[in-house]
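Every read-out reported here was derived from the displayed coordinates using simple, explicitly stated rules and does not represent laboratory data. Bear in mind the structure is a predicted one, so any value in this text is a computation, not a measurement. Here the Cβ positions follow ideal geometry from the backbone for every residue, glycine too, while neighbour counts run over all protein chains shown.
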Amino acid sequence: MFYIPTFFVFLHKAKFLLKTPNKKSALSEIHGVEQPETLSSVVASQIQQFRRKQPSAEELIAGILKGDKTALSRAITLVESTNPEHLAKANEVIKGCLPHANNSVRIGITGVPGVGKSTFIEAFGKYLTSIGKKVAVLAVDPSSSISHGSILGDKTRMEELVKDENAYIRPSASGDTLGGVARKTRETIILCEACGFDTIIIETVGVGQSETAVHSMVDFFLLLKISGAGDELQGIKRGIMEMADTIVINKADGDNIAKAKLAKTEFNRALHLFPAKSSGWIPKVTTCSAYEQTGIDAIWDIISEYFELVKSNHYFEEKRQNQNQFWMMETINEQLKSHFYNHPNIMQLLEENKKAVQNNEISPFAAAMSLLEQYFNKE
């Protein structure tokens, strides 16, 4: 009997579906399926009109303050929008939510790809909700430099946490910003806090340079590691070690338990060679298995101990104040850059200078200085 592997049958069906055009609304009748008696064209039209309706800033604020996740999602989409028309509305929503923010703890989690960040965050988030916490996860997914698209698969990976009523997961594309975190992520934190989430977790893309931006907007910085990544000298070479408040060796299960314990010892040696933190906190190293959900409670105990210290010595408030100043300056830089590139005269001159630079008629530096001089003169 001739046998066709299931995989090839799947590919054949997938190709058929891709070739079949489907431009109809999701509410329209599918060819070959009988229309049920309960389907009303009037109701379908009402649903479509509701989806097209854009809530006002006041409605979004009211929904967020009531803990409505739908209103929160729509507000975050508004904040992330690059449409200039949405900027004023987004700022109004932020202004309305700001008095109700700053009542959470913010935890940044980073690690190299493959360390198990999503699995760890799901296990960690489930533990937090089990002890009465409301958790918001802001997962930053890397954007392609070619197609500029993102998979946004972090929410799919956290299939248990996403069903938790006390949890909210928001995947966002990194875009062209450093590590995918900038003013938009900062403002998203404010919205989540106003919505009642008392624990905000920010997951970086884990590519090496995003940690600096994340560190500037969180209270506690957690570095995920795996065994076999190098000895203490390798740890010293990584600048990220200086920012970490604790290091967690993940995947400490099965045959990796002994290796994880060895890695813990090596990283402890490395941490002793770093200067003392201004917070007075001594970073700790621990192990866990996100897959088997072991060691998660010990991590929260370490984080709780940290917050008890920094709140008692007032470092917590001092750090928040410094972060606010930092992001004020970053916002100014971002707005100046945006205004420059969207200036009508500069947009035309920029294209002319691009061609001149490509044809070696002018140096890139001279072209840049010429554009800046004309921009400031026209202002």
Residue exposure sequence - VAL285, VAL137, VAL112 - by fewest surrounding Cβ within 10 Å: VAL112, VAL285, VAL137
Tell me which residues come under 5 Å, amide H to amide H, from ALA139 once H is placed; ignore anything under 5 positions away on its chain. ARG170, SER172, GLU203
Residue-span extension gain [SER41 to SER278] - 0.36 nm each, minus C-alpha spacing: 78.9 nm
Calculated FRET efficiency, ALA298 and GLN358, Cβ-Cβ r, R0 56 Å, to nearest 0.05? 0.45
Inter-probe distance in nm under a simple model that places probes 7 Å from Cα toward Cβ, at GLN54 and HIS86: 0.9 nm
